[in-house]
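Down below is the structure, laid out as structure tokens.
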Amino acid sequence: MGSGLLSIKTADDFAKMAVAGRVVAELHAEVRAAAKPGVSLKALDEIAEKVVRAHDCRPSFLGYQGTYPATICASPNSVIVHGIPTDYRLRDGDILSIDAGAIYQGWHGDAAFTMGIGEISAEAQQLIDVTEQGLWNGLAEAKAGNRVGDIGAAVEATAAPYGFGVVQGYTGHGIGQAMHEAPSVPNYGRRRRGFKLREGMALAIEPMFNLGTPDTAVLDDNWTVVTADGAWSAHWEHTVGLTPDGSFVFTLPEPKQVA
Ligand code: MF3
Ligand code: CO
């Protein structure tokens, strides 16, 4: 984590984060359209890298910590996050999480979604939809004066009625001129507790819900995070900026006010 608190100081900073976010949204749209049975995860990564570079951005994941080898994380089925795009070809009934980050003139956007491939089970669709709802419920709490515990509590409460496992070992984060800044943003917590949010901060909120337990394991590639019990997992993420005029999600075609 860096120390980039009060990330967004000017309208120019806001505009640059909005560009980075829009490019991530464009990447998501192109990958979503291409993700069909028979298509490999590597093919999706190639599409993603082209989108980023076509918009004068750089992929933030590529070379991350010196070793991450791709533009996207592609995490099918029981992979929670950080799946390296392989030659695995998507199959009807799979679910797939795509996570991606772009840097525009030094400013970061970071977002993820989970989709079904072909026809998926009702249970898998519910996992996807509830995890996305957890993200929006967390984003609604991302406002100056609130605390990170307000976000975590809202995310956690979304999963509770369904009995989904809420992953604890990986969290959201501050973001701005680095992909990962303080504070850490857990998907669980207690209202009115934790780091106090201020105008100028930007956060990446990223719930990960499992059909089984919250427990995780890392594969031998040292990146791929899977569920310990093999149950399927969903992941959604947006980058949100807290401004004097309210909180705006950047990782969409246009900034959208959420708080
Ligand atoms: N969106 C993820 C995160 O916020 C992905 C980064 S991992 C990487 O941590 F290695 F792919 F960069
Ligand atoms: Co992130």
Residue count, region 157-181 (criterion: open to solvent by 30 Å² or more (accessible area, probe 1.4 Å), within 15 Å of ligand 1 (Cβ to nearest atom) and either on the phi > 0 side of the Ramachandran plot or in contact with a Ser or Thr (Cβ under 6 Å, 6 or more places away or on another chain) (or both)): 2
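Table: residues versus (1) within 16 Å of ligand 1 (Cβ to nearest atom); (2) charged (D, E, K, R); (3) in contact with a helix residue (DSSP H, G or I) (Cβ under 7 Å, 6 or more places away or on another chain); (4) open to solvent by 50 Å² or more (accessible area, probe 1.4 Å).
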position: Pro183; (1), (2), (3), (4): yes, no, yes, no
position: Asn187; (1), (2), (3), (4): yes, no, yes, no
position: Phe195; (1), (2), (3), (4): no, no, yes, yes
position: Met208; (1), (2), (3), (4): yes, no, no, no
position: Thr213; (1), (2), (3), (4): no, no, no, yes
position: Ala217; (1), (2), (3), (4): no, no, no, no
position: Gly230; (1), (2), (3), (4): no, no, no, no
position: Phe250; (1), (2), (3), (4): yes, no, yes, no
Hey, Gly134 in contact (Cβ under 8 Å) with a residue 60 or more places away in the chain, over 28 Å from Gln65 (Cα atoms) and either within 14 Å of ligand 2 (Cβ to nearest atom) or buried (at least 19 other Cβ atoms within 10 Å of the Cβ) (or both) or not: yes
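Restricting attention to region 137-153, and to residues there that are assigned to a helix (DSSP H, G or I) and closer than 14 Å to Ala259 by Cα, which single residue is most open to solvent (accessible area, probe 1.4 Å)?
Taking region 137-153 first, the residues assigned to a helix (DSSP H, G or I) are 137-139, 148-153.
Okay, now just the ones that are also closer than 14 Å to Ala259 by Cα, so 137-139, 150-151.
Working: Asn137: 53, Gly138: 0, Leu139: 0, Asp150: 3, Ile151: 1 Å².
Per the criteria, the residue is Asn137.
A quick yes/no check of all residues on (1) crowded, with 20+ Cβ neighbours inside 10 Å; (2) in contact with a Phe, Trp or Tyr (Cβ under 6 Å, 6 or more places away or on another chain):
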position: Gly21; (1), (2): yes, yes
position: Val24; (1), (2): yes, no
position: Ala35; (1), (2): yes, no
position: Asp45; (1), (2): yes, no
position: Tyr64; (1), (2): no, no
position: Pro69; (1), (2): no, no
position: Asp92; (1), (2): no, no
position: His108; (1), (2): yes, no
Tally, over region 220-242, of residues that are among the hydrophobic types (A, V, I, L, M, F, W, C) and part of a loop (DSSP other than H, G, I, E, B): 5
Yes/no for Ile80 being within 16 Å of the chain's Cα centre (by Cα) and within 16 Å of ligand 2 (Cβ to nearest atom): yes
Enumeration of residues in region 52-70 that are within 14 Å of ligand 2 (Cβ to nearest atom) and part of a loop (DSSP other than H, G, I, E, B): Ser60, Phe61, Tyr68
Candidates Ala74, Ala100, Ala48 - the one that is under 18 Å from the mean Cα position of the chain (by Cα), without any contact (Cβ under 8 Å) to a residue 60 or more places away in the chain and not in a helix (DSSP H, G or I): Ala74
Residue pairs meeting the criteria (Cβ under 7 Å; at least 6 apart or on separate chains; first closer than 19 Å to Tyr104 by Cα and in a loop (DSSP other than H, G, I, E, B), in region 172-185; second β-branched (Val, Ile, Thr) and within 10 Å of ligand 1 (Cβ to nearest atom)): Ile175/Thr239
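The values are calculated or read from the model by the stated rules, or taken from the named source; none is laboratory data. What you see is a predicted model; the values in this text were computed from it and never measured. Neighbour counts are summed over all protein chains in view; Cβ atoms, including those assigned to glycine, are modelled from backbone coordinates with ideal geometry. Protein only, heavy atoms only, side chains kept; ligands, DNA and RNA dropped before computing areas. Shrake-Rupley method; radii C 1.70, N 1.55, O 1.52, S 1.80 Å.
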